[in-house]
Each structure stands twice: as structure tokens, then as C-alpha cells.
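The next block holds one structure in the form of C-alpha cells; read it before the comments.
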Amino acid sequence: MEYLTIKELILASEGQLVSKCNEETIVNNIVIDSRKAGKDSAFVAIVGENLDGHNFINLAINQGCKTIIKNKNNNVDIENKEVNVIEVSDTEIALGDIAKFYKNKFKIPFIAVTGSVGKTTTRDMVYSTISAKYNSLKNVGNLNNQFGVPLTLFNLDDSYECAVIEMGMSHFKEIEYLANIVNPKIGVISNIGLSHIENLGSQEGILQAKMEIATNFNESNTLVVNGDDKFLGTLKGKNLEYKLKTFGFNKDNDIYCESYVMGEEDLTFVCYIDGKKEEIFIPTVGEHNIYNAMAAILVGRELNISLEDIKCGLRNFKATKMRLDIIKNDKMTIINDAYNASPDSMEAALKILGRYKNRKVAILGDMFEMGEHTEYGHRLVGKSAVDNTDVLIAIGKDSKFICEEAKDLGFNENNIHHFNTKEEAIEKIDELVKKDDVVLVKASRGMELEKIVEYLNK
């Protein structure tokens, strides 16, 4: 991070300086975790669901922090009076406002990525692509919300030439909030699935929420979308204020995949780009990753990156851990996709499992935030499991519907196993999984099925 002055922090946050440090202060690190606060940090006291940052202000100061940003309606007793204290109406909003102010110091292209399924992988592919030409920043881990995006932007410095920002959401107006901070030049929407449908009511609602990424778009902006998607495909032919670029397998897209050959850990696909056939290699598997790669190609082209550089970037793609992370040990092959799950991503992962010749075991857990669509979504997974697995192990109260659907469709009952908890499953797993099996592990993040992966890989 480049530095910010106290005056700039006050200006950006629309705050008021109520206490001043006795020495000149500049800030080159902004934190919301008091444990990371130091001499040149500004600690922003965020009020979270479980913890109130105001309770940790004095801890931050004791660690040498000289600048505090707090809510003016909080009367916390600050023991050391010789620090900068900036009071604001809402520290969460202030964090975003400061990030926007700081981001605007850098005249570089920003790319925003969202979608129901695959947005992290798409972000990583876009990053790999543009990194072939530009030194680029991206958010790490799951820093894709109202806290994670600002904290990512604070990592910018003069060395960066481009930034790729993943944007997550679970409610309306959340992407809009992030788009107002980042103001991206290019937006990418991977697809419209069932994730967060509990909060958004319908897939039409999900489309509306994802389209908030184009909040500030005009003729200088480009929106890149999956043209095969039932909902995003409706954008084709519309009179839009911005450029629309589409990708998919259908020939009416700007770029489209004609064919592909998939190995165990990589694939090569033939894609029409600018009317010419091009062969693209990516070091991962799954038809859904062809979509992600095509999104990255379009972003690269919009940034005037050569096709050779784009191909080179995709060759160097590295997926975030626990997303189709293939682990081979002496006993078995594990497909670790335990980071998160939705019906669409479950189906994609099961299709990959189905390609293996060895005995196929699917260990699947509950999918969250499905509301009234819970049973329907889990039954969709059960249907996909029938065609792609030999042994089905389901974990969690909602995953019983996966088992019921598989059973209803004629799957061998002897090969269907349901457990309420991952602990119960681990107790029986040695009896169910055999040497040389290929095992897929996937569920929503809260199920913590990485514990299953750790057990299998011990």
C-alpha cells in the first residue's frame, strides 16, 4: 500500500478528527483486525455479527497503532489520548469510502467478476490471462464482500498495472455497493444458478442482483457474459449502454467452443475467436472450465492482450485450493472440491468424477441458502449422481434428498449411505472407500468436508 495522510482519511471517510497524535502520522496499512495493527496502521473498528471492533481499540493502540477510525455514537474509553481518532457515522461505509478514494489514485483497468458458480475460478483464469502481460492484483481467498474488497484494494501500489476483483453477494444491492467502490472497466458474469435463491426469491432475482455489476457502465465499459446461460443469454440483441461480449458453445456467441479433448488433469479445446479456429490448453478439467477460460479470453482481448499471451497465461493457470484440487496418494485419487457447493457446481463436479474408469465414490454434503428450493436442489444432485458415481455417501440433514432421488431412479440401495454428520461418516469411511477408488468430496463451506479430505489423505 502507498501511504494516506490523516487529512486524506478524514476527507475520504467524511469523518471528524476528535483526537490528534502528537507526531506527524502517515498510514500505509488499513486493518479491521486489531492483531494486525501496527505503528503505520489505521485500525477501523467494524461492528460485526459476533464481535464489535470498538472493544479492541485499546489493544490496537497497545500494539503501536497511532490512528483509529470509530463510530461517533460509540463511547468507548480510549486509554491513550495521544493517537489520531477519526469519528464517522458508520465504520463499515467508511472502510468502503476510503478504499474507493485510495483506488482512484491508480489509473489502471479494474475487472470485476461475479456469478452463481465458478466466479473464483473465472477470477483466477482472468488473472492468469492478464498476468501474461500486466502485473496484476487479485483478491485472495474469499475476500469478495464489503470488507474483503476494500482490504484487497488497499494492497494496490504503483507496481500494479491491472486488478481483478471477485464480487460475492447474498442479497440485493451488495454487488451495486462493491461496483460503486471498484468502478470496473470490464464486468464478467459467469452464470445464473440457484446459489442464494433463499434471499433473492428466484433466478430472475439472482440475475437482477448480478447485473448490479454494470451499475456505472457506459459506452466505454464491457460486460462479458455466458451467452449459453438461459438468463444471461436474454441480453443478446438488447440496446445496451455498454458493449456486450458473450461466450459459450452456441455459435451465436462472440467466441464459442467447437470441440474439446479432456485428459485426467487437463484439457484442450478448439475455440472460434475473431472467426478463426484456435486451440487452447488449460491445466484443469471440466466442461465448466471451458466456459471460465472463454470468459478470460474475452477479457484479455478487451485489454488488447495478444492471443499468444492469452494462451500462455491460461497454460499457467493455478486454481484456488479446494476447488477441483486433484490429490493422488498411494491409496486413491481424491477430487477435493470442498470449498462450496450449489446444484450447478455439484453437477459439474460429478461429471468430472464420471469420466474416471476406476470405481467412483461421491461424498456429498448439504448445500445451504436454498430456502424453499432445498429439496428440489438436492434432488437435482441425486439425479446427476446416478449417472456419474458407483457409491454415494451423503452427509447432512438435507442431503437425504440426494439419496432419496438416487434411490427413486434405480441406484443400487446397497451403495447409498447417509450420515447426519461428517464425524459419523469418518467412522465408517474405511469400510466404504477402497484402494484405487476415485473420491469426490463436495459440499457447502459450512459443512467443513475438508476434514473428510484430510482423513482420506492421511
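The values are calculated or read from the model by the stated rules, or taken from the named source; none is laboratory data. This is a predicted model, so every value here is computed, not measured. All Cβ positions, glycine included, derive from the backbone under ideal geometry; neighbour counts span all protein chains shown.
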Restricting to segment 183-231, count the residues that are over 16 Å from Thr122 (Cβ atoms) and in contact with a strand residue (DSSP E or B) (Cβ under 8 Å, 6 or more places away or on another chain). 7
Of all the residues that make up segment 392-412, how many are within 19 Å of Glu450 (Cα to Cα) and not charged (D, E, K, R)? 6
Out of (1) closer than 18 Å to Ser195 by Cα; (2) crowded, with 18+ Cβ neighbours inside 10 Å; (3) modelled with pLDDT of 95 or more, the one Ile452 does not meet is (1)
Hits in segment 175-233 (condition: under 22 Å from Ala341 (Cβ atoms) and of a type in the set (Val, Ile, Thr)): Ile175, Val188, Ile189, Ile192, Ile197, Ile206
Unmet criterion (only one of (1) within 9 Å of the chain's Cα centre (by Cα); (2) more than 22 Å from Asn289 (Cα to Cα)) for Arg123: (2)
Single residue of segment 98-121 satisfying the filter (touching an Asp or Glu at 6+ places or on another chain (Cβ under 8 Å) and of a type in the set (S, T, N, Q)) that is surrounded by the most Cβ atoms within 10 Å (Cβ to Cβ): Thr114
Test each condition in (1) touching a residue at least 60 places away in the same chain (Cβ under 8 Å); (2) under 25 Å from Asp330 (Cβ atoms); (3) of a type in the set (Lys, Arg) for Arg445 and report the one that comes out false. (2)
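Which of the helices (runs of 4 or more DSSP H) contained wholly in segment 346-458 include at least 2 residues that are among the polar types (S, T, N, Q)?
On the way: elements: 374-388, 400-408, 422-432, 450-456.
Output list reads 374-388.
In this structure, does Asn75 turn out to be farther than 30 Å from Gly205 by Cβ, at pLDDT 95 or above and of a type in the set (S, T, N, Q)? Can you show your working first?
Working: farther than 30 Å from Gly205 by Cβ: yes; at pLDDT 95 or above: no; of a type in the set (S, T, N, Q): yes.
Criteria not met by Asn75.
Taking the condition more than 26 Å from Tyr376 (Cα to Cα) and assigned by TED's automatic domain parsing to the domain that holds Asn336, does Ile416 pass?
Working: more than 26 Å from Tyr376 (Cα to Cα): no; assigned by TED's automatic domain parsing to the domain that holds Asn336: yes.
In short, no.
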Between Ala45, Ala12, which is under 30 Å from the mean Cα position of the chain (by Cα), closer than 24 Å to Ser159 by Cβ and among the aliphatic types (A, V, I, L, M)? Ala12
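Restricting to segment 405-432, name every residue that is out of contact with any helix residue (DSSP H, G or I) (no Cβ under 7 Å at 6 or more places or on another chain) and not acidic (Asp, Glu).
Passing the criteria: Gly410, Asn412, Asn414, Asn415, Asn420, Thr421, Lys428, Leu432.
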